[in-house]
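All of the numbers you see were taken from the coordinates with simple rules; none came from a lab. Here the structure is a predicted model, which means the values were calculated and not measured. Using ideal geometry, Cβ is built from the backbone for each residue, glycine included, and neighbour counts are taken over all protein chains shown.
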């Protein structure tokens, strides 16, 4: 595999001079719309203003106090459709009369400030005086980490139960290293651990009555945020087809010690990735880097209807990925050993709008064909495990088995049990999960104070 080293390291972010120059472009808006555009209330207007006026540690403090995963969000957030979309300094050519230029690169400034805090050894948090109440957090993804940190700031004894060998959830196992590497994550986790949060890995809470057992161990409240690790698939139930991977297993393999094994599976092969979101873009981009002979992206709608970010789509095209648009997979072709050798496709046309607001793909009769491929990666969505409601009895779930929780508090139908992140929202953004954790932490504090 070529460029193996670069696979494990993120691209370099802003340096000090670049960040300061960009901050000086800020219009210093009153009641800044960029801050209103951040789901996690990271307050970009405030930290950019402080950077501009040389209050570097104050800028760092604003980020970390409001978003303990400010670094991760600076790297991974689709800022162009959140805070930067609301920025007043947008181009007149975009049709916004208040604009004067392109939006401030808020995400890059945010990432710089967090990285700079590590470079200068500036620690925002000090370990608080401990309280007696214990809280369990199930899952160490963005929602779980955010909730744990907010509770620990006030001295609550927080234990995070993680099913996998290392903490981080989707940040560690669901994103390719060249977009978000383990060194960056480790430093961000250090800020959480400094508050006294305890991590118990290889400890899944996925048995019947799992939450009950935590409550029986003396935890006064439980925050449920295990994420969505079961994958939707086109493989018929009860069957196994060699060479077909879910995006969950494929991306995890690139981070959990199976990297060399995956190179052997991908290198020199024709690879097809099914899906049109950001996860699919990670899959096609990494397959190119792993040395696939050809990589095809199969998507049943048009290019403009893909949920992946515009820059991700362009980057995949520049890497040499072949986009097969308006094509819908309907099954797989296998050899005598049940190894995949192709995907059955039917061409589609766009019909009327569906519930998503996009035009629905309609199969074209008589247009079936087969695309040869020795490796298929399905990036068609994650779902809740079929037995997950048994983990938290008494908690209402919907027809998709997602937990029903109050969006403002994370409170579930069972007192003392709160939930957030993808297990509530379905697949969503890191910054939204962070906000879920913050909201639930506030509600847990109120709940515990009322128990006295």
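A few notes on this one:
- Prolate/oblate/rounded call for the stretch 139-215, Cα gyration tensor, a/c under 1.5 rounded: oblate
- Chain lengthening between residue 16 and residue 65 when straightened (0.36 nm per residue, less Cα-Cα): 15.5 nm
- The convex hull of the Cα atoms of the stretch 11-120, projected and averaged over all directions, covers 6.5 nm².
- Packing, taken as the mean count of other beta carbons within 10 Å per residue, orders the peptides 111-119, 72-80, 351-359 from highest to lowest as 72-80, 111-119, 351-359.
- Shape call, the stretch 30-189: gyration tensor on alpha carbons, a/c limit 1.5: prolate
- Over the chain, the fraction of Cα-Cα pairs per 20 Å bin, rounded to whole percents and listed from the shortest bin up, is 24, 54, 22, 0.
- Each label point was placed 7 Å from the Cα along the Cα-to-Cβ direction; for residue 323 and residue 359 their separation is 1.5 nm.
- Three-way shape label, the stretch 233-378, alpha-carbon gyration tensor, a/c 1.5: oblate
- In the chain, the calculated helix contribution to ellipticity at 222 nm averages -9500 deg cm²/dmol per residue, counting -39,500 (n - 2.57) for every DSSP H run with n ≥ 4.
- Where a label projected 7 Å from the Cα of residue 333 along Cα→Cβ would reach, residues of the stretch 374-398 with amide N under 18 Å: 374-377
- The distance between label points at residue 187 and residue 27 comes to 3.3 nm (points 7 Å beyond Cα on the Cα→Cβ vector).
- Among 368, 188, the order by Cβ neighbours within 10 angstrom, fewest to most, reads 368, 188.
- Across the chain, the relative contact order, built from alpha-carbon pairs under 8 Å that are at least six residues apart, equals 16 percent.
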